[in-house]
1. I want to check the label-to-label distance for Gln219 and Glu38. Put each point 7 Å from Cα in the C-beta direction and report it in nm to one decimal.
2. Calculate what fraction, in whole %, of the accessible area of the stretch 4-51 sits on carbon and sulfur atoms when a 1.4 Å probe is rolled over the protein chains.
3. So how strong a dipole does the chain carry about its Cα centre when Lys and Arg Cβ are +1 and Asp and Glu Cβ are -1, to the nearest 20 debye?
4. Please calculate the 1.4 Å probe accessible area of Ile358, with all protein chains present, and give it to the nearest 10 Å².
5. Please list the helices of the chain that count as membrane-span-like by this rule: a mean Kyte-Doolittle hydropathy of at least -1.0 together with Cα atoms stretching 15 Å or more along the helix axis, each helix being a complete DSSP H run.
6. At 1.4 Å probe size, with the rest of the protein present, what percent of the exposed accessible area of the stretch 60-103 is carbon and sulfur atoms?
7. Residue by residue through the stretch 331-337, what is 3J(HN,Hα) from phi via Karplus (6.51 cos²θ - 1.76 cosθ + 1.60, θ = phi - 60°)? Round to whole Hz and write x for glycine and proline.
8. Beyond 23 Å, what share of the Cα-Cα pairs of the stretch 97-228 is found? Please give it as a whole percent.
Amino acid sequence: MSLQRRTYRFRMEPTKDQEGIVLRLSGARRFVYNWALERRRSYYQDHGKAISKKQLSSELTALKRRPETAWLKDADAQALQQALRDLDRAFEAFFAGRARYPRFRSKKRDAATFRVPQRVKVENGRVYVPKVGWVRVRQSRQVEGTIKGATFRQTATDKWFVTLTTEFYLPDLPLPAANPTRIVGVDVGLESLIALDDGRKVAAPKHLRRAEKRLARAQRAQSRKKRGSNNRHKARLKVARLHEKVKNQRLDHLHKLTTRLVNESDAVCIEDLSLKALARTKLAKSIHDAALGELRRQLEYKTIWSRKRLVVVDRYYPSSKTCSACGWVNQALELADRGWSCVCGTMHDRDVNAARNIRAEGLRILVAAGHAETLNACRGDVRPPTLGRLTPAKQESHRL
Ligand SMILES: [Zn+2]
C-alpha cells in the first residue's frame, strides 16, 4: 500500500458575516506568524541558538493570556499553532537554500490566508470551518479520502477559495509492461501548444488565447498609469481579475489534456524542464515553464492513480534539431523555423519531431528497465508528414 495525497480546490461563498470572521482569522494568523518570526530573531540574537518549538508554542499560549493580545483567543487555536509550523517550514526552506529568509507578512501585500490542520468537513456543497461554521462552496467534485487539512485563501479579486488535502491508500500491484503502440511522446512548445509524436497538435483553446491577449493589453495599460494613482489601482485589479481567469482556463485545459493522454496510453513521455531555452521572451519562457511544470505534476499523479507510467526524459541532446528518422542533427535550425527537411529526405514539423525524439528516448528507457514489450515497435499511426502538408498550427490542431 502506498499513501497518496490529493488536493481539491473549491470556490467558497461566505456570507458577509462569515467573511468578516474569516478575515479576522487570517489577521490573527498573520499576527502570530509575524510575532513568532520576531521571537525567533530576538531569541537567536540573545542566546546564539534557535528557540525550541516547545518554548515558542508555550510562549504563544502565554501571549493569548495577556490582555492586549487576548483577542487571539477568538481564533482557532490549531490554526494559530499551524502558523508556527508554517514559519518552521519557511525556515527549513531557507536553511536548505530553497528560499529567502522568511519575511514579515503584510496585510496590504500578502493574501489573507490561514490553515486548519483538521476538523474540516465537506458535505452537500458546504465546508465546515472551525470558528466560522458551515460555509457554502461550489463543490465541483466529490471529495475522496480522509481530509488532512484545509487552506483558506483570498485571491487578489477578493474571492475565497478552500484547498483540501486528502489522503488515501493505493494498493501496490505490479504494473503491466507498456504496449509500445500505447506509448506517447509529448512536446510542450511555445504558446501552450502541445505536440504529440503521432502528429497531433493541441493548441490552447481560442477563449484562452483571447483572454491571454486581453491580459497582456491590461498589463501594458497598467504600466502606463501613474504609480499610486486611483487609475493605477483600478488597472491593477483588472489585471488581477484577468490573470485569475487565464490561470483557471489554462489549468482546466491542461486537466482535460492530461486525463485524455493518460486514458489513451500505457506510458507518457515528457521532457525534463531544465534545458529548454527556446522562448523568445521572458514572459513566454515563464508561461512555457509553468505549463510544463503543471503538465508534469498532473501526469505524475494521474499516471499513478490509473496505474500507468510516466517517463521524464532528461534531454542532453537537442530534440528539435535531431532528425527522429535518421538521427542527423540540424545545427542550422533557427527558433523561427517551424519545419525543416532532413538530409535523409524526411520533412519535419519542428514540435512533432521533438515529440518523436522524446518518445524514442522514453521507449529506450522503458525497454532497458524491462517495462515495455519490444524495442523496435513503431507506433502504427505514425506517418511522417510531408512538407506539402505542413500547415499553420491552427489548422493542424486537433481537439483533445
Ligand atoms: Zn533524417
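The values are calculated or read from the model by the stated rules, or taken from the named source; none is laboratory data. All figures in this text were calculated on a predicted structure; none of them were measured in a lab. All Cβ positions, even for glycine, are placed from backbone atoms using ideal geometry, and neighbour counts span all protein chains on display. Side chains included, ligands, DNA and RNA excluded: accessible areas come from the protein's heavy atoms. Shrake-Rupley method; radii C 1.70, N 1.55, O 1.52, S 1.80 Å.
1. Those two pseudo-labels are separated by 3.7 nm.
2. Details: 1210 of 2690 Å².
C and S fraction of accessible area: 45 percent.
3. Roughly 2420 debye, rounded to the nearest 20.
4. 0
5. Values: long enough: 16-47 (46 Å, -1.10); 53-65 (19 Å, -0.95); 77-95 (28 Å, -0.06); 206-224 (28 Å, -1.82); 230-264 (51 Å, -1.29); 282-305 (35 Å, -0.52); 350-368 (27 Å, -0.01).
Flagged H segments are 53-65, 77-95, 282-305, 350-368.
6. Using a 1.4 Å probe with all protein chains present, the stretch 60-103 comes out at 53 percent carbon and sulfur.
7. Using θ = phi - 60°, the values come out as 5, 7, 5, 9, 4, 6, 6 Hz.
8. Working: 5762 of 8646 pairs.
Percent of Cα pairs beyond 23 Å in the stretch 97-228: 67.
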